[in-house]
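The values are calculated or read from the model by the stated rules, or taken from the named source; none is laboratory data. Values in this document were obtained by computation on a predicted structure and should not be read as measured data. With ideal geometry, Cβ positions are generated from the backbone for all residues, glycine too; neighbour counts draw on all protein chains shown. Side chains included, ligands, DNA and RNA excluded: accessible areas come from the protein's heavy atoms. Shrake-Rupley method; radii C 1.70, N 1.55, O 1.52, S 1.80 Å.
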Amino acid sequence: CPSTTICYAVDNYAHVAKTLNGGTSWTLMSTPVTTPGVNVPGSGGPNPFSGLFGISCTSINKCVAAGGFPATGTDPPIVTTTDGGNTWTLRTSHAAGNLVGVTCVGSTCYAVGGGGSIVTSTDGGVTWTAMLSNTTVQLTGIACVSASSCVATGQTGTVDVLSGGTWTATSAQANSLF
């Protein structure tokens, strides 16, 4: 959430929900990839996308959302807004797999997803470039302390660390608790 009262969330129909009062009420907004009606891709729906799964906002007006399980040959969706969600613009992600997590630090953004996909933007989400993640597992989340220091997590305990412009994949080892 970019403030204590304004927050954004996404859903599996590619809507963005916005609150102006700390979550007491929400407004549902459509994006260029919002699934019409109940037609969900993969079940015969007309829209080639299925959902937005992550959103990151650097201010109350600037947000980037990513997601989707695109049809073969279709780019996974990333949508951006610079006016608080009044308008959303579809961007070309260049991701090799679906996207499930996104984070932005200033004007630098990263999105992660299927097959170890990592894409980055240095202009607030307008243009995106694929990065080499050095893993092929589904990456499910990402957090950054700066534009050049990030950690992406994924299936099978994968931890992918960005340092000096290079991603290094390792595997977290967990002790059995039960």
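Couple of notes before you dig in:
- Accessible surface ranking for 26, 167, 88, 1.4 angstrom probe, highest first: 26, 88, 167.
- Rg over Rh for region 115-178 works out to 1.02, both radii taken from alpha-carbon positions and Rh defined as the Kirkwood radius.
- Electrostatic tally near residue 64: other residues with Cβ closer than 12 Å to its Cβ, Lys and Arg +1, Asp and Glu -1, net +1.
- Dividing the C-alpha radius of gyration of the chain by 2.2 N^0.38 Å, with N its residue count, gives 1.02.
- Shape annotation for region 79-156: C-alpha extents along the principal axes are 39, 24, 18 Å, from largest to smallest.
- Gap separating the Cα centres of region 1-32 and region 55-122, nearest whole Å: 16 Å
- Region 49-116 shape via C-alpha gyration tensor axes, a/c threshold 1.5: prolate
- Karplus-derived 3J(HN,Hα) values for region 64-69, using 6.51 cos²θ - 1.76 cosθ + 1.60 with θ = phi - 60°, are 10, 10, 9, x, x, 10 Hz; glycine and proline are entered as x.
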